[in-house]
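Please treat every number below as a calculation from the coordinates, not as lab data. All values reported here derive from a predicted model rather than from experimental measurement. Ideal geometry is used to build each Cβ from the backbone, glycine not excepted, and the neighbour counts take in all protein chains shown.
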Amino acid sequence: MKQIREMLEGVLPKRDIMVTAEAQTVLREWPAIVGEFLANRAQPDRFVKGVVYVSAEDSTWAQEVHLHKEEILDRLNERAGRKLFLDIRITGTRRDRE
């Protein structure tokens, strides 16, 4: 008989993949969620374990995302139909990368 640990090892990675896929589906609606104006200046880079990493045009727009973080999280979770999104972190600005 398989131990529970052995059974879960095969299930957990698939669950993580499904959650990430669900999050990516919601994040495709970013412009509708945050508005076109902000979406043109800050976009989600990735989703990892409940956290949306966002890249902003510059520090002003990074601050704007930070100021509206709770509202954005509420809207993301509303689109998901459950509490899928736990936090938003700014990964840096596009100017930092130039």
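Expressed to the nearest 5 percent, the antiparallel share of DSSP beta bridges inside segment 4-97 is 50 percent. Cβ-Cβ distance of L67 and D45, R₀ of 22 Å, FRET efficiency by 1/(1 + (r/R0)^6): the value works out to about 0.70. Using only the alpha-carbon atoms of segment 4-97 as identical scatterers, what base-10 log of I(q)/I(0) does the Debye formula give at q = 0.12, 0.21 Å⁻¹? Log10 of I(q)/I(0), two decimals: -0.40, -0.98.
By the count of other C-beta atoms within 10 Å, a proxy for reagent exposure, V19, V48 are ordered fewest to most as V48, V19.
Under the convention that each Lys and Arg Cβ holds +1 and each Asp and Glu Cβ holds -1, the size of the dipole of segment 4-97 around its Cα centre is about 240 debye.
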